[in-house]
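Here's the structure, in structure tokens; my notes come after.
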Amino acid sequence: MTKLTLLGLRALAEDGLHVLPAPVDIVIENGEIRDVRPTGSAPPEGEPVDARHTFAVPGFLNGHHHSHENFHKGRYDRLPLELWMNYVRPAKPLPLTAEDVYLRTLVGASQALLSGTTCIVDDFNASPVLHPEHIEAAMSAYEDIGIRALLGPTLFDVPFHQSVPFIHEECSDDTLASLATVKATPPSEYLRFVEELAATRHPDVNRVGVLLAPSAPQRCSDGFLHQVRELADATQLPVIIHVQETRLQAASAWHERGKTLFQHLDDLGFLAPGTSLIHAVWLTPDDIARIARSGASVQHNPNSNLKLGSGLMPMRPLLDAGVNVSLGTDGCGSLESTDMLRVVSNTALIHKLRGNDYKRWIGAEEALYAATEGGAKALGMEGRLGRIAPGQRADLVLYRLDGPAFTPLNDPLRQLVFGESGASIDSVFVEGERVVADGQLTRLDQRAISRRIEQAMTRLRPAIGEAEKQTERLRPAYERIWSRCQSLPLAPGTLSARLDDV
């Protein structure tokens, strides 16, 4: 049995929206918060830890990340999603070993921990051929570094290029043939693999667990989506799915189906609590009402949406309708970072561009809530994660209040959201274990990790470069498709997501 008491710290209140007025002691036992009490009101239990002059908040939950993009960090800019995506999902997969995947996963996990994230959701591309040892390598990386993680092998049964509008009109038969994978693992095997993992890697009882990650409605047949929903209901696994991230996706859905993809998912009975709709940038009021009725969450990735030019989702209308919103970074191929501090700060900043009633602008409290309890609720884990309260898992971050961001100390919550860079992090605890101390990982050597990754990249860079050359051959056709879709109409009532649509 492990027990410790954090003594004399300031802390975020249980509601996640304000700071407790006086210092408290937090008792942690067997990875769980057992008590939060006024400091000095009872003797310390277990190991006493002097936490005076620190501010405790729940660790961030990064609701969306693609670890398979980590080796592509810094390679792309000024590209919309549809032109960028093929670079990080090349037609010819990179020649990766399980060791490569292990190291690749540590790239995002280490930055996440060092910037205050204690839980990360990894939408892991394992196509076109399923290598179970690659999945295990990624999970081993999360186990070894000490972070909480939910990993979902990406699920789809419609090939990526087949889901692109006008692809058969803009690409030659030879080009289309080059995109077709000769050997691919059947989608049913992926689904069965996740079902088997649920027995040993369920997130209810494992720090590193599995979830269901259907890619997007346009890349999944209706029958396949029904199978995913049935498996989610049977196993009680969380579900994540990309929906209408870009104008192209929203316009092509309306053009091809005569309804939005949110309407389509609702008609299929796919929307439910514990299901996260990733991005959800382009929405109608009817879409918002459907999501609210279903209990599904919207998973917001503002920094990635900014870099790819996808747009700004309507956060205030979603919150007004009672929709839960969580936050994430998206993959390092698009954003270069798993730093949730930047995401939280930008959430509280960029949504002030919407609406003239300043009283209804998104504030620091709402942004922080979305990154903590909102993230837990999206995964169906609100009873265990995202708050500082008895019965919650002890996933905590302690910030030094003598750091520049908190000096002078006026409002710790706002100063955290708008001013903190991660430099003030004193400790990160996951399940009561201190996995970051004084700005350093406690389980692994960050510098040693970086050296091993650079050695792997020496071998992999030529393969990445060759894959990028192949993608360049597709680019003219994809640029024509992207341009064609800009003139397609959106569903009536679609809320504006870009300044040039005003």
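Values computed for the structure shown
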quantity	calculated
Dipole magnitude of the chain about its Cα centre (Cβ charges: Lys, Arg +1; Asp, Glu -1), debye to nearest 20	840
Portion, in percent, of the accessible area of segment 272-363 that falls on carbon or sulfur, probe 1.4 Å	55
Among 117, 153, 142 the positive-end extreme of the charge dipole of segment 110-159 (Cβ point charges)	117
Global geometry of segment 206-252, whether rounded, prolate or oblate, following the gyration tensor of its Cα atoms and the 1.5 cut on a/c	oblate
Surface share of carbon and sulfur [accessible, 1.4 angstrom probe, percent] for segment 455-502	56
Length released on extending from residue 487 to residue 389, taking residue separation times 0.36 nm less the Cα-Cα span	30.2 nm
Surrounding net charge for residue 17, when Lys and Arg each add one and Asp and Glu each subtract one, Cβ distance under 14 Å	-4
Anisotropy class of segment 367-460 from Cα gyration tensor, a/c 1.5 cut	oblate
Whole-number D in µm² s⁻¹ for the chain, Kirkwood Cα-pair radius fed into Stokes-Einstein, 10 °C, 1.306 mPa s	69
Computed [θ] at 222 nm, helices only, for the chain once each DSSP H run of length n ≥ 4 contributes -39500 (n - 2.57)	-12000 deg cm²/dmol
Taking the chain and dividing mean pair separation by its residue count, relative contact order in percent (alpha carbons under 8 Å, at least six apart)	22
Average accessible area per residue (Å²) across the chain - probe 1.4 Å, nucleic acids and ligands excluded	39
Selected from 284, 419, 209, residue furthest toward positive end of dipole (the chain; charges at beta carbon)	419
Long pairs among 73/469; 307/352; 73/259; 92/307; 307/377; 183/469, criterion Cα-Cα beyond 29 Å	73/259
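The values are calculated or read from the model by the stated rules, or taken from the named source; none is laboratory data. Keep in mind it's a predicted model, so treat the numbers as computed, not measured. Neighbour counts run over all protein chains shown; Cβ positions are idealised from the backbone, glycine included. Protein only, heavy atoms only, side chains kept; ligands, DNA and RNA dropped before computing areas. Shrake-Rupley method; radii C 1.70, N 1.55, O 1.52, S 1.80 Å.
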